[in-house]
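The values are calculated or read from the model by the stated rules, or taken from the named source; none is laboratory data. Just so it is clear, the structure is predicted and the values come from calculations on it, not from any experiment. Here the Cβ positions follow ideal geometry from the backbone for every residue, glycine too, while neighbour counts run over all protein chains shown.
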Amino acid sequence: MAKQYDVLFRLLLLGDSGVGKTCLLCRFTDNEFLPQHVSTIGVDFKMKTLEVDGVKVRIQIWDTAGQERYQTITKQYYRRAQGIFLVYDITSASSFQHIVKWVSDVDEYAPPTVQKILIGNKSDEEHRRQVATEQGSQLAKSYGMDFFETSARSTYNIKQSFTRLTELVLQANRMELDTIPPSVEDNLAVLHPEEEEEQEIKEEEEYSTCSC
Ligand SMILES: Nc1nc2c(ncn2[C@@H]2O[C@H](COP(=O)(O)OP(=O)(O)OP(=O)(O)O)[C@@H](O)[C@H]2O)c(=O)[nH]1
Ligand SMILES: [Mg+2]
């Protein structure tokens with residue numbers, strides 16, 4: 001049967017509890033918004049296929065719990081990520097200050113080639129803003145990352161930010177993809193074979209707790 005995608009990448013959502021990681025993911029994959037905060041337990045994931053630069057990219061997006069007590073579990077997922085969203089909440093100065101700590105965990109546990117972007121979520125809550133857009137863009141610049149303010153509630157910049165991180169991961173892996181001979185069956189997906197993906201999903205499903 002023809003493969004529905006060319007390549008599979010894993011993206012990870014990190015940031016303090018309550019910044020809106022689960023809502024960003026549910027908005028992107030299912031176009032839904034959850035008004036209540038149901039804390040993620042451990043990790044959860046969702047899949048979506050995007051077409052970027054003519055390549056069909058299947059993305060497996062891992063949503064992690066921001067709560068401290070799950071961090072032993074969530075850190076085990078860093079090493080297999082090719083792209084990471086570092087998320088803070090524009091109405092929470094502490095969630096912004098903690099980005100430094102999230103970045104240092106990523107430096108310690110994720111592969112050095114991992115692509116990162118900074119997200120300031122809840123941009124619809126302008127009246128409660130504690131972090132200026134300029135502060136977010138300066139911090140992103142200091143880390144050499146792209147920066148987006150988003151709103152899972154209004155959908156602002158949701159598709160753009162997921163597409164941008166996917167593009168960055170694709171660019172970072174492009175050389176590897178281009179060196180695979182076109183005659184190889186299912187050529188691009190050879191980087192991350194489907195069998196491996198299915199096996200891993202089975203193993204990982206025991207953690208799946210999505211509430212949307
Ligand atoms: N106004 C507004 N509220 C949002 C937005 N995104 C999320 N929220 C709200 O923020 C709260 C927390 O959202 P979650 O997505 O559950 O947060 P989380 O980062 O996944 O939290 P943990 O799973 O505990 O790490 C919920 O009440 C959401 O409705 C947004 O863009 N705008
Ligand atoms: Mg969550």
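Before we move on, is residue 92 at pLDDT 95 or above and exposed (fewer than 15 other Cβ atoms within 10 Å of the Cβ)? Can you show your working first?
Values: at pLDDT 95 or above: yes; exposed (fewer than 15 other Cβ atoms within 10 Å of the Cβ): no.
No: the conditions fail for residue 92.
Every residue in the stretch 107-126 that is among the acidic types (Asp, Glu) and part of a loop (DSSP other than H, G, I, E, B), please.
Going residue by residue through the stretch 107-126, those that are among the acidic types (Asp, Glu) are 107-108, 124-126.
Residues satisfying the conditions are 124, 125.
Look through 22, 49, 29 and report the one residue that is in contact with a strand residue (DSSP E or B) (Cβ under 9 Å, 6 or more places away or on another chain) and surrounded by fewer than 16 Cβ atoms within 10 Å (Cβ to Cβ).
Values: 22 fails: surrounded by fewer than 16 Cβ atoms within 10 Å (Cβ to Cβ); 29 fails: surrounded by fewer than 16 Cβ atoms within 10 Å (Cβ to Cβ).
The unique qualifying residue is 49.
Tell me yes or no: at least one residue of the stretch 11-21 is within 21 Å of residue 95 (Cα to Cα), without any contact (Cβ under 8 Å) to a residue 60 or more places away in the chain and either within 13 Å of ligand 1 (Cβ to nearest atom) or outside any loop (DSSP other than H, G, I, E, B) (or both).
Filtering the stretch 11-21 for residues within 21 Å of residue 95 (Cα to Cα) gives 11-21.
Now narrow it down to the ones that are without any contact (Cβ under 8 Å) to a residue 60 or more places away in the chain: 17.
The next check asks that each one be either within 13 Å of ligand 1 (Cβ to nearest atom) or outside any loop (DSSP other than H, G, I, E, B) (or both); those that pass are 17.
There is at least one residue in the stretch 11-21 that is within 21 Å of residue 95 (Cα to Cα), without any contact (Cβ under 8 Å) to a residue 60 or more places away in the chain and either within 13 Å of ligand 1 (Cβ to nearest atom) or outside any loop (DSSP other than H, G, I, E, B) (or both).
Does residue 38 count as within 11 Å of ligand 1 (Cβ to nearest atom), over 12 Å from residue 162 (Cα atoms), over 16 Å from the mean Cα position of the chain (by Cα) and assigned to a loop (DSSP other than H, G, I, E, B)? Don't jump to the end; show me each part of the working.
Numbers: within 11 Å of ligand 1 (Cβ to nearest atom): yes; over 12 Å from residue 162 (Cα atoms): yes; over 16 Å from the mean Cα position of the chain (by Cα): yes; assigned to a loop (DSSP other than H, G, I, E, B): yes.
Here the answer is yes, as residue 38 does meet what is asked.
Could you grab me the full set of residues in the stretch 152-176 that are part of a helix (DSSP H, G or I) and among the small types (Gly, Ala, Ser)?
The first filter runs over the stretch 152-176 and keeps only residues part of a helix (DSSP H, G or I), leaving 158-176.
Hits for the stretch 152-176 are 161, 172.
Mind checking which residues of the stretch 135-154 are more than 16 Å from the chain's Cα centre (by Cα) and not small (Gly, Ala, Ser)?
The answer is 135, 138, 139, 141, 143, 153.
Among the residues of the stretch 72-112, which ones are without any contact (Cβ under 8 Å) to a residue 12 or more places away in the chain and either farther than 24 Å from residue 132 by Cβ or of a type in the set (Val, Ile, Thr) (or both)?
In the first step, residues of the stretch 72-112 are kept if they are without any contact (Cβ under 8 Å) to a residue 12 or more places away in the chain; the result is 72, 76, 97, 100-101, 104, 107-108, 112.
Residues satisfying the conditions are 72, 76, 100, 107, 108, 112.
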